[in-house]
Amino acid sequence: MRAVVEPPQRVPARTVLIREGEPLNRSTLLSEGLMGRFKDMRDGERQISQLHISGDFLDLHSFTLKSIDHGVVALTDCQTSWASHAALEELTAEHPHLGRLLWMTTNLDAAMHRAWEVSLGRRDGLSRTAHLLCELHVRLGVVGMAEEDGYPLPLIQVDLAECLGLTAVHMNRVLRELRERRLVTFRSGRVQIHDLAGLRWAAEFTPGYLFLDKKPR
């Protein structure tokens, strides 16, 4: 994999790296920072439909689709590398198991999208916020970027609101309630978890959809 990935490049925060519908002949790997998949509405509102962390391919599904139906924006200063689809095709033909693992990552993307859809459709503002914070705690922990009691999250409240389908005012109220319940504090780019079990209960969070067990795939 290292042999087919090009040298990394810096992407400043707020840069739109991939635009909806543009032709793609390569897929991008995020090695540092946070990026989001997004859709912009005519009235200027934005919905972020996925957060990407270090180690994620941003658009692996473009390997078969050759374009994507959303944009990808850097939410912080990031570092990315890309691999051409031609190189990935050759690599996966030579190493079929690696091809299956890359396919599995697109399945994980779909599982996370379903979890976000349930949150947006059925959870109230507090529980959907708690669910996102629990998900990030697990995902960042996998790549060594979270501790038991918290993790860095250099986003602003507007970013969180756009992930959760909330207004900025509602987002502020939800974060205050989470803090007053002594579940979690989000301040100065860090999530500080005071009661992990309580946070998971509020979110109805179970990590099964992230498929972290050690079964062979």
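Throughout, read-outs are computed from the coordinates displayed, never taken from laboratory work. Note that the coordinates shown come from a computational prediction; the quantities given were computed from them, not determined experimentally. Glycine gets a Cβ as well: all are built from the backbone with ideal geometry, and neighbour counts include every protein chain shown.
For R26, which sequence-distant residues (separation of 5 or more, or a different chain) have an amide H within less than 5 Å of its own amide H, given hydrogens modelled in the peptide plane?
Here the answer is H85, since their amide H atoms fall under 5 Å of that of R26.
Only counting other Cβ atoms within 10 Å, I'd like S62, S67 sorted with the fewest neighbours first.
Fewest to most other Cβ atoms nearby, the residues stand as S67, S62.
Using only the alpha carbons of the chain, determine the length spanned along each of the three principal axes and report them from longest to shortest in whole angstroms.
That gives 54, 44, 30 Å along the principal axes, largest extent first.
Project the alpha carbons of region 125-210 onto their principal axes and report the range along each, largest first, in whole Å.
Here the spans come out as 32, 24, 23 Å, largest first.
Please give the helix 85-94 orientation as an angle from the longest Cα principal axis of the chain, in degrees from 0 to 90, rounded to the nearest 10.
80
I need I48, I53, I156 ordered by Cβ neighbour count within 10 Å, fewest first.
So the residues, fewest neighbours to most, are I156, I53, I48.
For region 16-74, build the charge dipole from Cβ charges (+1 Lys, Arg; -1 Asp, Glu) around the Cα centre, then report which of F63, L29, L17 sits farthest towards its positive end.
F63
Dividing the Cα radius of gyration by the Kirkwood radius, what Rg/Rh value follows for region 9-116?
0.97
If one takes the longest principal axis of the Cα atoms in the chain, at what angle in degrees, from 0 to 90 and to the nearest 10, does the Cα axis of helix 96-122 lie?
30
In degrees from 0 to 90, rounded to the nearest 10, what is the angle of the helix 168-180 Cα long axis to the longest principal axis of the chain?
It works out to around 60 degrees.
Sorted from fewest to most neighbouring beta carbons within 10 Å, what does the list H194, H61, H97 look like?
Ordered from fewest to most neighbouring Cβ atoms within 10 Å, H194, H61, H97 come out as H97, H194, H61.
With charges set only on the Cβ (+1 for Lys and Arg, -1 for Asp and Glu), what does the dipole of the chain come to about its Cα centre, in debye to the nearest 20?
That gives a dipole near 400 debye.
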